[in-house]
Amino acid sequence: MGMLKSSLAFLVLAFAFFFCYVMSSGSYDYFQFVQQWPPTNCKVRGKPCSKPRPLQYFTIHGLWPSNYSNPTMPSNCNGLKFEDRKVYPQLRSKLKRSWPDVESGNDTKFWESEWNKHGRCSEQTLNQMQYFEGSHDMWKSFNITNILKNASIIPNATQTWSYSDIASPIKAATKRTPLLRCKRDPKHPNKPQLLHEVVFCYDYNAIKQIDCNGTAGCQQAFSFQ
Ligand code: 5GP
């Protein structure tokens, strides 16, 4: 009887350890590769960005391991903290173009916060170097700004767009369904929402782009300016 009890206790303990390990190391289904439109970021954040004229091309916000049941999870997992020395000079200069801090201009701090919040949750698949190199390569593979320009979608303050106006040319170029996210400018609550982010989805290994699914993140008519 005593033997049975201790084996049972051992099993319960082993399960608890396993559960804690899985929760802290992060389990996920796929990646969201999120690019942002800097002018919108600067309008909606409440305080001005450091650059008077924000960049006029889509930049990386982050590569987020995500769960189908809750796409905002996992986050803030245990694991190796960001190490600046791992962003070697050649990678640094690439990231300064593709993944700048468009808010306050402190690129390294932005990379650190994205790695610590999201990257560490997929460390079993991508180490820190692979995470940032892979993200830059994803950014390079499709130039959203040019895709839209080629479809005669140029940022301007007068026009509004439907979800499919923007999503269709991106889908035609990438052969995969993207997700769009919009935000309202708090200074102009009665004006149409602003296009804020375009999301591409990737498989578990961050190799193959897949269709994103989810509910539309933009209201019917929104602006891209
Ligand atoms: P998450 O933390 O989930 O990656 O994204 C949300 C946060 O990212 C927000 O607090 C937003 O302000 C921040 N964020 C988005 N773009 C930038 C940026 O260019 N620089 C910095 N420092 N934060 C950013």
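Bear in mind that the values in this text are calculations on the coordinates, not laboratory data. As the structure is a computational prediction, the values presented were derived from the model and not from experiment. Here Cβ is always computed from backbone atoms with ideal geometry, including for glycine, and neighbour counts include all displayed protein chains.
Using all pairs of distinct alpha-carbon atoms, the Kirkwood hydrodynamic radius of the chain works out to 19.1 angstrom.
Note on Ile210 and Lys187: with the Förster distance fixed at 30 Å, the Cβ-Cβ geometry gives a FRET efficiency of about 0.20. Look at the alpha carbon pairs under 8 Å that are at least 6 residues apart: their mean separation over the length of the range 25-223 gives a relative contact order of 26 percent.
Among the listed pairs Lys109/Lys171; Lys86/Lys171; Lys43/Lys86; Lys96/Lys117, those whose Cα-Cα separation exceeds 27 Å are Lys109/Lys171; Lys86/Lys171; Lys43/Lys86. For the chain, the 222 nm mean residue ellipticity estimated from helices alone, with every DSSP H stretch of n ≥ 4 adding -39500 (n - 2.57) and the total spread over all residues, rounds to -12000 deg cm²/dmol. Note on Ser50 and Asn127: the extension gain reaches 24.7 nm, defined as 0.36 nm multiplied by sequence separation minus the Cα-Cα distance. Residues considered: Pro169, Pro74, Pro186. Largest GNM mean-square fluctuation over the chain, using C-alpha springs under 10 Å, is found at Pro186.
Spin-label model, Gln219/Asp29: points 7 Å from Cα along the beta carbon direction are separated by 2.9 nm. The length gained on full extension between Ser93 and Ser164, counted as 0.36 nm times the residue separation minus their Cα-Cα distance, comes to 22.1 nm. Note the angle between two axes, namely the Cα long axis of helix 2-25 and the longest principal axis of the Cα atoms of the chain, as a number of degrees from 0 to 90, rounded to the nearest 10. The angle comes out near 20 degrees.
Show which aspartates and glutamates lie in cross-link reach of Lys187 when reach means a straight Cα distance below 13 angstrom and same-chain residues fewer than eight apart are skipped. Cα-Cα hits under 13 Å: none found. Taking Lys and Arg as +1 and Asp and Glu as -1, the other residues whose beta-carbon sits under 10 Å from that of Lys183 total +2.
Of the trypsin sites (Lys or Arg not before Pro) found in the range 67-170, the ones in coil according to DSSP and having at most 13 other Cβ atoms within 10 Å of their Cβ are Lys81.
Comparing Pro39, Pro48, Pro100, which has the greatest mean-square fluctuation in the GNM of the chain with Cα pairs linked when under 10 Å apart? Largest GNM mean-square fluctuation: Pro48. Among Ser152, Ser104, Ser93, the largest mean-square fluctuation in a Gaussian network model of the chain, built with springs joining Cα atoms closer than 10 Å, belongs to Ser152. Full extension of the segment from Ala151 to Lys117, taken as 0.36 nm per residue of separation minus the current Cα-Cα distance, would add 8.7 nm. Cross-link partners of Lys94 among aspartates and glutamates, defined as those whose alpha carbon lies under 15 angstrom from its own and excluding same-chain residues fewer than eight positions apart: Asp84, Asp107, Glu133, Asp137.
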